[in-house]
Amino acid sequence: MAMRSKERGLFELYRDDPERADALVFNRRGILKGGALAAMGAAVGGAIPFGGNMPGGLIPAALAQGATAGAAPKILKMDGKAELVILGDKPFVAETPEHLLNDDITPNDKIFIRNNGTPPDAVSNPDAWDLTVDGEVNKTLKLTLGELKQKFKPVTYALQMECGGNGRSFFEPKASGNQWTNGAISNARWTGVRLKDVLDAAGLKSSAVYTGHYGRDTHLSGDASKPAISRGVPMAKAMEEHTIIAYAVNGGPIPHVNGAPLRLIVPGWPGSTSQKWLSRIWVRDREHDGQGMTGTSYRVPIKPMIPGSKADPKNFRILESMPVRSIITNIANGTELKAGTRAIALRGHAWAGEHSVAEVHVSGDYGQTWRKAKVAKAANKYAWQTWNADLTVPSEGYYEFWVRAIDSTGRGQSHAAANWNPQGYGGNVMHRIAVLIPA
C-alpha cells in the first residue's frame, strides 16, 4: 500500500529552499525544534518515534526523492520491459527502482537501459553478426556469432553490471549526467564465451596493453564516423575469466535495447566498458583513448577537489572497480505497512566491484543502533550477494530503514556522496527507505 498523501508545505519548502527548511525545523545543535517534530510528523503522515535521533539537516526519505526530482518520475511503457524510470530520451536511459530488483537473478525485463547513441536496427539472423579482433595480435580474427558459438566453449555466470554513474543524483552540488539513484544495476545470468579464449586464438603480441571496444550504435549527431562510445580495459581485466562476449541472458536472447545480439560483459567495472552491439575489439599498445576514455569521462579524482570547482584532468584516474553498494529490495520507499506491524523482515542485495561484501548492517533509528544482516555467498565472483535482516519497531508511526555495506577491504558506504567529481562517479551513499505504520 502506498504511503498516504502528505501535507505539502514542508515538502515544497525542502524542494525550493532546503536551507530555510532546516533553519525552521532544526536548532543550532542539529536537533529538531520543539514543535517541528510534530510538524514533520504531519508532513510524512505519522508520528516519528525515533525523531530525536534524526540527524540535523536530514530530509526524511519520504520527502527526499521528491525534493531531489521536483516532479513525478516518468515511467517506461515498453514491450518486454517492466515499469522502469526514464531518466533521458536522447540517448534513451532508464533505471530500475530498487523494489523491482528483489530477484536473486535480475529478469530481462528489469535490466536497466543505458544508451550512449542510437541503437542499430535489430537483425533477423543473429548468427550472421560479425566481430573483428585486430591490432596487437598475431592473427586478425573476423568471426560470425555462429562461429563464436561453434569454436569456443560457452560459459554462464551471474554477473553484476552497473553504470559508472549509479548514485550520481546524491552528489551536492549536482553533477552532470543522468541522475541515477540506485537503479543502474543488474545481476543477470549471462551466457557467452570468454574474451580471454578469443584473444588467445588471435595470439596476443608482447606489445598488447589495452583493449578498445566498438559497437554498431551510431553517434547521436548521426555522423557515422564518430563512435557513440568506445571504451576499453587493461589486458589483465580483458583476460579475467569472467569477462565474456555474451550472446544470451537468462537462457534466452539478449533484449535488443540491452545490446543484442552480441555484447561484452566486463563485471565489477563501469558498464560503459561492457560494449553493446559489439563489432570490434582493437588490441592496443597503449591505454585506449576512444570516446569516453579521456578528460573526466569515467574518471574520479586522485586528490579530493572542492565540490563544484573546475576540474584538472591531470588529477583524475580511470574508474575501474565500482564501489561497494547495498539496497533494500523487498519494501518500496513510501510503503504503508499493515496496522499493528512491529516485526520487519528486510531483504536486499549488496555488491562491491572487484571485491566481495564482508558485512551488511541495517538501522531503524537513524543510525543510532545497527543490526548485522545475514549475507549469503555470491553465486560466483562478480555476482551480487543477497542479505536478510530483522528489525523490531516500538509503535506505529513513520520510520526509515537504512542499509550500509562494507567490502572485503574494509571500505564502506557513506551518509553523503563523497569525493565529488563533475560527472558524479562513485556516489555510493547508504540506501534509505521510508515506511508508515498506521495506528
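Going down the table (K174/K226; K77/K196; K81/K226; K90/K139; K151/K276), which pairs top 31 Å between alpha carbons?
K77/K196; K90/K139
Which three numbers, in whole Å and largest first, are the semi-axes of the equivalent ellipsoid of region 226-335 derived from its Cα gyration tensor as √(5λ)?
That gives 26, 23, 13 Å for the three semi-axes.
From the convex hull of the Cα coordinates of region 391-439, what is the mean projected area in square nanometres?
Taking the Cα atoms of region 391-439, their convex hull projects to 5.0 nm² on average.
Mind jotting down the distance between the C-alpha centroids of region 330-408 and region 270-322, whole Å?
Taking the Cα centre of each part, region 270-322 and region 330-408 sit 32 Å apart.
How much length, in nm to one decimal, is gained on full extension between I105 and A376, taken as 0.36 nm per residue of separation minus their Cα-Cα distance?
96.2 nm
Alpha carbons only, please: Rg and Dmax for region 338-407, in angstrom.
Calculated on Cα positions, Rg and Dmax stand at 13.6, 43 Å.
From the Cα gyration tensor of region 275-417, with a ≥ b ≥ c the square roots of its eigenvalues, which class applies: rounded if a/c is under 1.5, or else prolate if a/b is larger than b/c, or else oblate?
Prolate.
With a Cα-only, solvent-free Debye model of region 110-174, what are the log10 I(q)/I(0) values at q = 0.20, 0.30 Å⁻¹?
Treating every Cα as an identical point scatterer, log10 I(q)/I(0) equals -1.12, -1.16.
Placing unit charges on C-beta atoms (Lys and Arg positive, Asp and Glu negative, everything else neutral), compute the dipole magnitude of region 313-395 about its Cα centre in debye, rounded to 20.
140
Whole percent per 20 Å bin, from 0 to the bin with the longest distance: what is P(r) over all C-alpha pairs of the chain?
For the chain, the binned pair fractions read 25, 54, 19, 2 percent.
How much net charge surrounds P255 when only the other residues with a Cβ under 12 Å from the Cβ of P255 are counted, with Lys and Arg +1 and Asp and Glu -1?
+2
Using only the Cα atoms, what convex hull volume per residue in Å³ does region 162-274 have?
Hull volume over Cα atoms, normalised by residue count, gives 138 Å³.
FYI, it's all coordinate maths here, none of it is from the lab. Not measured: the values here are computed from a predicted model. Cβ sites come from the backbone with ideal geometry, for glycine too, and all protein chains shown count toward neighbours.
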